[in-house]
Amino acid sequence: MTSAEDAPVTWHAILRQALKDNDVRLVTYVPDNVLRPLLDGIHADPFFTAFPCAREEEAVGIVTGATMAGMRGVVMMQTSGFATLPNALASLPVAFQVPVLMVVSERGTMGEFNPGQAIVCRTMRPILDSMGIEHHTMTRLDEAAFMADRTIRQAFATRWPACLIISPLLSGGRK
Amino acid sequence: MTDTTDNLHVMNRAALTKRLVAGLKNREAVIGGIGNSNWDLWGADKTRGENFYMLGSMGLAAPIAMGVALAQPKRRVFALEGDGSLLMQLGCLSTIAAQAVKNLCVVVWDNGIYQITGGQGTPAAAARTDIVAIARASGIANAAWAADEAEFDALVAKALTTDGPHVIGVKIDQEPGRNQTDRDPIRFRESFMRAMALPV
(Lines give C-alpha, C1' and ligand atoms only; values in the text may rest on other atoms or scores of the structure.)
Protein backbone atom coordinates (compact mmCIF):
# COMPACT_ATOMS: atom_id res chain seq x y z
CA MET A 1 0.00 0.00 0.00
CA THR A 2 1.12 3.56 -0.64
CA SER A 3 1.27 6.05 2.21
CA ALA A 4 -0.74 9.28 2.18
CA GLU A 5 2.36 11.35 1.41
CA ASP A 6 3.28 9.54 -1.79
CA ALA A 7 -0.25 8.65 -2.90
CA PRO A 8 -0.72 9.06 -6.65
CA VAL A 9 -2.37 12.35 -7.54
CA THR A 10 -2.95 12.17 -11.28
CA TRP A 11 -5.77 10.27 -12.99
CA HIS A 12 -3.28 8.13 -14.89
CA ALA A 13 -1.26 7.21 -11.79
CA ILE A 14 -4.50 6.30 -10.02
CA LEU A 15 -5.65 4.13 -12.92
CA ARG A 16 -2.26 2.46 -13.26
CA GLN A 17 -2.32 1.63 -9.53
CA ALA A 18 -5.86 0.23 -9.76
CA LEU A 19 -4.73 -2.10 -12.56
CA LYS A 20 -1.78 -3.28 -10.45
CA ASP A 21 -3.90 -3.75 -7.35
CA ASN A 22 -6.15 -6.07 -9.36
CA ASP A 23 -3.29 -7.95 -11.04
CA VAL A 24 -4.09 -6.68 -14.54
CA ARG A 25 -0.73 -7.21 -16.25
CA LEU A 26 -1.44 -7.21 -19.97
CA VAL A 27 -2.12 -3.86 -21.66
CA THR A 28 -3.00 -3.82 -25.37
CA TYR A 29 -3.82 -0.54 -27.02
CA VAL A 30 -4.30 1.51 -30.12
CA PRO A 31 -2.44 4.75 -29.44
CA ASP A 32 -4.19 7.90 -28.32
CA ASN A 33 -2.93 11.32 -27.35
CA VAL A 34 -4.99 11.67 -24.16
CA LEU A 35 -3.89 8.23 -22.95
CA ARG A 36 -0.22 9.03 -23.51
CA PRO A 37 0.71 9.70 -19.86
CA LEU A 38 -1.08 6.50 -18.80
CA LEU A 39 0.62 4.45 -21.53
CA ASP A 40 4.01 6.02 -20.80
CA GLY A 41 3.68 5.13 -17.12
CA ILE A 42 2.64 1.59 -17.97
CA HIS A 43 5.53 1.09 -20.40
CA ALA A 44 7.95 2.36 -17.73
CA ASP A 45 6.64 -0.14 -15.17
CA PRO A 46 8.01 -3.71 -15.50
CA PHE A 47 4.86 -5.04 -13.82
CA PHE A 48 3.06 -4.66 -17.16
CA THR A 49 3.36 -6.31 -20.56
CA ALA A 50 2.21 -3.55 -22.91
CA PHE A 51 2.18 -3.18 -26.69
CA PRO A 52 0.23 -1.50 -29.50
CA CYS A 53 -2.08 -3.42 -31.84
CA ALA A 54 -3.10 -2.63 -35.40
CA ARG A 55 -6.81 -2.63 -34.57
CA GLU A 56 -8.97 -2.54 -31.45
CA GLU A 57 -10.67 -5.85 -32.38
CA GLU A 58 -7.32 -7.55 -32.37
CA ALA A 59 -6.57 -6.13 -28.92
CA VAL A 60 -9.88 -7.53 -27.63
CA GLY A 61 -8.99 -10.95 -29.05
CA ILE A 62 -5.57 -10.94 -27.40
CA VAL A 63 -6.92 -9.92 -24.00
CA THR A 64 -9.72 -12.50 -24.24
CA GLY A 65 -7.20 -15.28 -24.91
CA ALA A 66 -4.83 -14.14 -22.19
CA THR A 67 -7.62 -13.83 -19.62
CA MET A 68 -8.85 -17.36 -20.34
CA ALA A 69 -5.27 -18.57 -19.87
CA GLY A 70 -4.88 -16.84 -16.51
CA MET A 71 -3.39 -13.42 -17.32
CA ARG A 72 -5.71 -10.46 -16.78
CA GLY A 73 -5.67 -7.69 -19.37
CA VAL A 74 -7.08 -4.39 -20.51
CA VAL A 75 -7.69 -2.78 -23.92
CA MET A 76 -7.04 0.95 -24.20
CA MET A 77 -8.31 3.09 -27.06
CA GLN A 78 -10.10 6.29 -27.98
CA THR A 79 -13.81 6.74 -28.70
CA SER A 80 -13.64 6.22 -32.47
CA GLY A 81 -11.67 3.01 -31.93
CA PHE A 82 -14.29 1.70 -29.56
CA ALA A 83 -16.88 2.20 -32.30
CA THR A 84 -15.17 -0.51 -34.38
CA LEU A 85 -15.86 -3.13 -31.69
CA PRO A 86 -19.57 -4.13 -31.44
CA ASN A 87 -19.31 -7.47 -33.29
CA ALA A 88 -16.09 -8.52 -31.59
CA LEU A 89 -17.46 -7.67 -28.14
CA ALA A 90 -20.85 -9.29 -28.70
CA SER A 91 -19.51 -12.54 -30.11
CA LEU A 92 -16.39 -12.95 -27.98
CA PRO A 93 -16.07 -11.55 -24.41
CA VAL A 94 -19.81 -10.99 -23.94
CA ALA A 95 -20.97 -14.29 -25.44
CA PHE A 96 -18.24 -16.29 -23.68
CA GLN A 97 -18.43 -14.21 -20.47
CA VAL A 98 -14.78 -13.24 -20.32
CA PRO A 99 -13.94 -10.16 -18.22
CA VAL A 100 -12.18 -7.99 -20.80
CA LEU A 101 -11.50 -4.54 -19.36
CA MET A 102 -11.60 -1.47 -21.55
CA VAL A 103 -10.34 2.06 -20.96
CA VAL A 104 -11.63 4.60 -23.47
CA SER A 105 -10.48 8.18 -23.62
CA GLU A 106 -13.53 10.20 -24.57
CA ARG A 107 -13.32 12.38 -27.63
CA GLY A 108 -16.18 14.04 -29.45
CA THR A 109 -17.59 16.07 -26.61
CA MET A 110 -16.92 19.30 -24.73
CA GLY A 111 -15.13 21.27 -27.38
CA GLU A 112 -14.58 18.69 -30.13
CA PHE A 113 -13.45 20.24 -33.42
CA ASN A 114 -13.90 17.16 -35.63
CA PRO A 115 -17.54 16.47 -36.67
CA GLY A 116 -16.83 12.76 -37.23
CA GLN A 117 -15.56 12.37 -33.67
CA ALA A 118 -18.58 14.24 -32.29
CA ILE A 119 -20.99 11.89 -34.07
CA VAL A 120 -19.21 8.61 -33.29
CA CYS A 121 -18.96 9.60 -29.63
CA ARG A 122 -22.76 9.44 -29.38
CA THR A 123 -22.70 5.75 -30.34
CA MET A 124 -20.42 4.63 -27.50
CA ARG A 125 -22.74 4.47 -24.49
CA PRO A 126 -25.71 3.02 -26.43
CA ILE A 127 -23.42 0.23 -27.72
CA LEU A 128 -22.19 -0.53 -24.20
CA ASP A 129 -25.72 -0.38 -22.76
CA SER A 130 -27.15 -2.63 -25.47
CA MET A 131 -24.75 -5.41 -24.48
CA GLY A 132 -25.16 -4.88 -20.75
CA ILE A 133 -21.52 -3.85 -20.39
CA GLU A 134 -21.10 -1.86 -17.19
CA HIS A 135 -19.43 1.48 -17.86
CA HIS A 136 -18.50 4.41 -15.70
CA THR A 137 -17.32 7.82 -16.81
CA MET A 138 -14.45 9.12 -14.74
CA THR A 139 -14.84 12.88 -14.33
CA ARG A 140 -13.37 13.66 -10.88
CA LEU A 141 -9.99 12.98 -9.35
CA ASP A 142 -11.43 12.38 -5.87
CA GLU A 143 -13.67 9.58 -7.20
CA ALA A 144 -11.17 8.07 -9.61
CA ALA A 145 -9.51 5.48 -7.37
CA PHE A 146 -12.78 4.13 -5.99
CA MET A 147 -14.45 4.01 -9.40
CA ALA A 148 -11.51 2.33 -11.13
CA ASP A 149 -10.86 -0.24 -8.43
CA ARG A 150 -14.51 -1.21 -7.93
CA THR A 151 -15.27 -1.41 -11.66
CA ILE A 152 -12.26 -3.66 -12.30
CA ARG A 153 -13.03 -5.82 -9.28
CA GLN A 154 -16.66 -6.29 -10.30
CA ALA A 155 -15.69 -7.24 -13.86
CA PHE A 156 -13.59 -10.15 -12.62
CA ALA A 157 -16.02 -11.15 -9.87
CA THR A 158 -18.97 -11.29 -12.30
CA ARG A 159 -16.99 -12.48 -15.38
CA TRP A 160 -18.27 -9.71 -17.60
CA PRO A 161 -16.51 -7.02 -19.68
CA ALA A 162 -16.44 -3.51 -18.24
CA CYS A 163 -15.46 -0.10 -19.55
CA LEU A 164 -13.97 2.96 -17.89
CA ILE A 165 -14.48 6.14 -19.90
CA ILE A 166 -11.97 8.93 -19.27
CA SER A 167 -13.87 12.22 -19.57
CA PRO A 168 -12.18 15.43 -20.76
CA LEU A 169 -13.31 16.79 -17.38
CA LEU A 170 -10.70 14.50 -15.82
CA SER A 171 -8.01 14.32 -18.50
CA GLY A 172 -8.23 17.87 -19.82
CA GLY A 173 -9.03 16.31 -23.19
CA ARG A 174 -7.25 16.89 -26.44
CA LYS A 175 -5.64 20.31 -26.47
CA MET B 1 10.25 -25.81 -46.82
CA THR B 2 8.13 -24.53 -49.66
CA ASP B 3 8.41 -20.84 -50.50
CA THR B 4 5.94 -20.40 -53.34
CA THR B 5 2.43 -21.53 -54.18
CA ASP B 6 3.58 -23.33 -57.33
CA ASN B 7 3.14 -27.11 -57.27
CA LEU B 8 1.31 -27.17 -53.93
CA HIS B 9 -0.73 -30.30 -53.35
CA VAL B 10 -4.36 -29.47 -52.51
CA MET B 11 -5.18 -31.08 -49.18
CA ASN B 12 -8.23 -31.59 -46.97
CA ARG B 13 -8.87 -29.46 -43.89
CA ALA B 14 -10.78 -32.09 -41.90
CA ALA B 15 -8.10 -34.73 -42.48
CA LEU B 16 -5.25 -32.39 -41.63
CA THR B 17 -6.99 -31.05 -38.50
CA LYS B 18 -7.39 -34.62 -37.31
CA ARG B 19 -3.75 -35.30 -38.09
CA LEU B 20 -2.63 -32.17 -36.23
CA VAL B 21 -4.70 -32.77 -33.09
CA ALA B 22 -3.75 -36.47 -32.93
CA GLY B 23 -0.10 -35.46 -32.75
CA LEU B 24 -0.47 -33.08 -29.78
CA LYS B 25 0.88 -34.69 -26.62
CA ASN B 26 1.55 -31.78 -24.25
CA ARG B 27 -1.82 -30.11 -23.71
CA GLU B 28 -1.24 -27.68 -26.55
CA ALA B 29 -4.00 -25.09 -26.97
CA VAL B 30 -5.81 -24.99 -30.32
CA ILE B 31 -8.00 -22.04 -31.26
CA GLY B 32 -10.43 -22.81 -34.07
CA GLY B 33 -11.44 -19.82 -36.21
CA ILE B 34 -14.98 -19.03 -37.34
CA GLY B 35 -17.04 -21.64 -39.21
CA ASN B 36 -15.37 -24.57 -40.92
CA SER B 37 -12.05 -24.17 -39.10
CA ASN B 38 -13.70 -24.86 -35.77
CA TRP B 39 -16.24 -27.35 -37.12
CA ASP B 40 -13.37 -29.54 -38.27
CA LEU B 41 -11.61 -29.03 -34.92
CA TRP B 42 -14.80 -30.18 -33.21
CA GLY B 43 -14.90 -33.16 -35.56
CA ALA B 44 -11.25 -33.99 -34.86
CA ASP B 45 -11.75 -34.38 -31.09
CA LYS B 46 -14.71 -32.81 -29.32
CA THR B 47 -13.57 -34.17 -25.96
CA ARG B 48 -10.35 -32.14 -25.94
CA GLY B 49 -10.54 -29.34 -23.33
CA GLU B 50 -7.60 -27.47 -24.86
CA ASN B 51 -9.66 -26.71 -27.98
CA PHE B 52 -11.42 -23.35 -28.15
CA TYR B 53 -14.23 -22.85 -30.64
CA MET B 54 -14.61 -19.23 -31.68
CA LEU B 55 -18.11 -18.04 -32.39
CA GLY B 56 -18.54 -14.90 -34.50
CA SER B 57 -15.49 -12.68 -34.20
CA MET B 58 -14.18 -13.39 -37.71
CA GLY B 59 -10.43 -12.90 -37.94
CA LEU B 60 -9.66 -13.15 -34.23
CA ALA B 61 -8.42 -16.76 -33.96
CA ALA B 62 -4.76 -15.69 -34.21
CA PRO B 63 -5.11 -12.80 -31.72
CA ILE B 64 -6.91 -15.08 -29.21
CA ALA B 65 -4.15 -17.68 -29.64
CA MET B 66 -1.53 -14.95 -29.19
CA GLY B 67 -3.15 -13.94 -25.89
CA VAL B 68 -3.08 -17.54 -24.66
CA ALA B 69 0.55 -17.85 -25.74
CA LEU B 70 1.58 -14.65 -23.93
CA ALA B 71 -0.17 -15.75 -20.74
CA GLN B 72 1.46 -19.19 -20.82
CA PRO B 73 4.90 -19.10 -22.47
CA LYS B 74 5.53 -22.80 -21.77
CA ARG B 75 2.43 -24.00 -23.62
CA ARG B 76 2.47 -24.33 -27.41
CA VAL B 77 -0.54 -22.65 -28.98
CA PHE B 78 -2.06 -23.15 -32.45
CA ALA B 79 -4.55 -20.95 -34.29
CA LEU B 80 -6.49 -22.57 -37.13
CA GLU B 81 -7.63 -19.76 -39.40
CA GLY B 82 -9.19 -19.48 -42.85
CA ASP B 83 -7.68 -17.33 -45.58
CA GLY B 84 -10.77 -15.10 -45.72
CA SER B 85 -10.68 -14.66 -41.95
CA LEU B 86 -7.00 -13.76 -41.88
CA LEU B 87 -7.63 -11.21 -44.65
CA MET B 88 -9.93 -9.39 -42.24
CA GLN B 89 -7.17 -8.97 -39.68
CA LEU B 90 -3.85 -8.95 -41.55
CA GLY B 91 -2.44 -6.42 -39.08
CA CYS B 92 -2.31 -9.12 -36.41
CA LEU B 93 0.65 -10.68 -38.26
CA SER B 94 2.71 -7.55 -37.54
CA THR B 95 1.60 -7.57 -33.90
CA ILE B 96 2.60 -11.23 -33.56
CA ALA B 97 5.94 -10.54 -35.24
CA ALA B 98 6.58 -7.44 -33.12
CA GLN B 99 6.06 -9.38 -29.90
CA ALA B 100 8.03 -12.35 -31.25
CA VAL B 101 5.63 -14.83 -29.67
CA LYS B 102 7.83 -17.93 -29.54
CA ASN B 103 5.18 -20.51 -28.66
CA LEU B 104 2.60 -19.57 -31.30
CA CYS B 105 1.79 -21.22 -34.63
CA VAL B 106 -0.86 -19.92 -37.03
CA VAL B 107 -2.16 -22.48 -39.55
CA VAL B 108 -3.89 -20.87 -42.51
CA TRP B 109 -6.37 -23.04 -44.43
CA ASP B 110 -6.42 -21.45 -47.88
CA ASN B 111 -9.19 -22.49 -50.27
CA GLY B 112 -9.59 -19.05 -51.83
CA ILE B 113 -13.31 -18.91 -51.07
CA TYR B 114 -15.78 -17.92 -48.37
CA GLN B 115 -16.94 -21.53 -48.30
CA ILE B 116 -19.58 -21.26 -45.58
CA THR B 117 -21.44 -18.31 -47.12
CA GLY B 118 -21.84 -19.92 -50.51
CA GLY B 119 -18.37 -20.30 -51.93
CA GLN B 120 -17.77 -16.76 -53.17
CA GLY B 121 -14.15 -16.12 -54.15
CA THR B 122 -11.95 -13.98 -51.92
CA PRO B 123 -10.33 -10.86 -53.35
CA ALA B 124 -6.99 -12.44 -52.42
CA ALA B 125 -7.71 -15.45 -54.66
CA ALA B 126 -8.67 -13.17 -57.56
CA ALA B 127 -5.46 -11.20 -57.09
CA ARG B 128 -3.30 -14.32 -56.49
CA THR B 129 -2.23 -12.87 -53.13
CA ASP B 130 0.31 -15.08 -51.36
CA ILE B 131 -0.65 -15.16 -47.67
CA VAL B 132 2.57 -16.83 -46.54
CA ALA B 133 4.55 -14.12 -48.34
CA ILE B 134 2.47 -11.52 -46.45
CA ALA B 135 3.31 -13.26 -43.16
CA ARG B 136 7.00 -13.23 -44.02
CA ALA B 137 6.87 -9.59 -45.10
CA SER B 138 5.12 -8.84 -41.81
CA GLY B 139 8.21 -10.05 -40.00
CA ILE B 140 7.41 -13.72 -39.35
CA ALA B 141 10.50 -15.47 -40.74
CA ASN B 142 9.20 -18.98 -40.00
CA ALA B 143 6.36 -18.86 -42.51
CA ALA B 144 6.07 -21.56 -45.18
CA TRP B 145 3.60 -23.33 -47.42
CA ALA B 146 3.12 -27.03 -46.76
CA ALA B 147 3.56 -28.69 -50.15
CA ASP B 148 1.90 -31.94 -49.07
CA GLU B 149 0.80 -33.91 -46.00
CA ALA B 150 4.33 -35.02 -45.12
CA GLU B 151 5.59 -31.46 -45.24
CA PHE B 152 2.63 -30.33 -43.11
CA ASP B 153 3.67 -32.89 -40.48
CA ALA B 154 7.25 -31.66 -40.65
CA LEU B 155 6.21 -28.01 -40.25
CA VAL B 156 3.98 -28.86 -37.27
CA ALA B 157 6.86 -30.79 -35.71
CA LYS B 158 9.06 -27.74 -36.22
CA ALA B 159 6.44 -25.50 -34.59
CA LEU B 160 6.34 -27.85 -31.61
CA THR B 161 10.08 -27.94 -31.09
CA THR B 162 11.56 -24.62 -32.24
CA ASP B 163 10.99 -20.97 -31.39
CA GLY B 164 8.31 -19.18 -33.40
CA PRO B 165 6.20 -17.46 -34.25
CA HIS B 166 5.37 -19.90 -37.03
CA VAL B 167 2.91 -19.63 -39.90
CA ILE B 168 1.95 -22.69 -41.95
CA GLY B 169 0.02 -22.11 -45.17
CA VAL B 170 -2.03 -25.00 -46.53
CA LYS B 171 -3.87 -25.08 -49.84
CA ILE B 172 -7.10 -26.96 -49.17
CA ASP B 173 -10.02 -28.22 -51.24
CA GLN B 174 -13.50 -26.69 -51.10
CA GLU B 175 -15.14 -29.37 -48.98
CA PRO B 176 -17.46 -27.88 -46.33
CA GLY B 177 -17.06 -28.69 -42.65
CA ARG B 178 -19.00 -31.83 -41.75
CA ASN B 179 -19.36 -31.46 -37.98
CA GLN B 180 -21.30 -28.48 -36.69
CA THR B 181 -19.85 -27.32 -33.39
CA ASP B 182 -22.30 -27.02 -30.49
CA ARG B 183 -23.16 -23.34 -29.98
CA ASP B 184 -22.45 -23.26 -26.25
CA PRO B 185 -19.91 -20.50 -25.52
CA ILE B 186 -20.12 -20.67 -21.73
CA ARG B 187 -19.38 -24.40 -21.72
CA PHE B 188 -16.46 -23.93 -24.12
CA ARG B 189 -15.00 -21.09 -22.06
CA GLU B 190 -15.27 -23.12 -18.87
CA SER B 191 -13.74 -26.29 -20.29
CA PHE B 192 -10.98 -24.32 -22.02
CA MET B 193 -10.13 -22.40 -18.83
CA ARG B 194 -10.09 -25.61 -16.80
CA ALA B 195 -7.71 -27.15 -19.33
CA MET B 196 -5.49 -24.04 -19.35
CA ALA B 197 -5.23 -24.24 -15.55
CA LEU B 198 -3.50 -27.63 -15.84
CA PRO B 199 0.29 -27.52 -16.10
CA VAL B 200 2.02 -28.26 -19.41
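Tabulated data for the structure shown
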quantity: Gaussian network model of chain B, Cα within-10 Å springs - most flexible of B:K171, B:K25, B:K74; calculated: B:K25
quantity: Charge context of A:N114, other residues only, Cβ under 10 angstrom, K/R +1, D/E -1; calculated: +1
quantity: Separation of alpha-carbon centers, segment B:109-163 and segment B:1-53, rounded to whole Å; calculated: 13
quantity: Set of aspartates and glutamates near B:K25 by C-alpha distance (under 17 Å), chain-local residues within fewer than 8 positions excluded; calculated: B:D45, B:E50, B:D153
quantity: Buried accessible area, chains B and A (both chains, 1.4 Å probe, Å² to nearest 100); calculated: 2100
quantity: Over chain B: helical MRE at 222 nm, DSSP H runs n ≥ 4 each giving -39500 (n - 2.57), nearest 500; calculated: -11500 deg cm²/dmol
quantity: Separation of the A:L169 and A:R36 label points, Cα + 7 Å toward Cβ, nm; calculated: 2.5
quantity: Computed helical MRE - 222 nm, chain A, DSSP H runs ≥ 4 contributing -39500 (n - 2.57), nearest 500; calculated: -13000 deg cm²/dmol
quantity: FRET efficiency estimate (nearest 0.05) - Cβ-Cβ, A:R122 to B:R128, R0 41 angstrom; calculated: 0.45
quantity: Most fluctuating residue given options B:T17, B:T181, B:T47, as computed from a GNM of chain B linking Cα atoms under 10 Å; calculated: B:T47
quantity: Most mobile of A:A148, A:A59, A:A88 in a GNM of chain A (Cα contacts under 10 Å); calculated: A:A88
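The values are calculated or read from the model by the stated rules, or taken from the named source; none is laboratory data. Only a predicted model underlies this, so the values are computations on that prediction, with no experimental measurement involved. Heads up, the Cβs are rebuilt from the backbone with ideal geometry, glycines too, and the neighbour counts pull from every protein chain shown. To get the accessible areas, we keep the full protein, side chains included, count just its heavy atoms, and leave off ligands, DNA and RNA. Shrake-Rupley method; radii C 1.70, N 1.55, O 1.52, S 1.80 Å.
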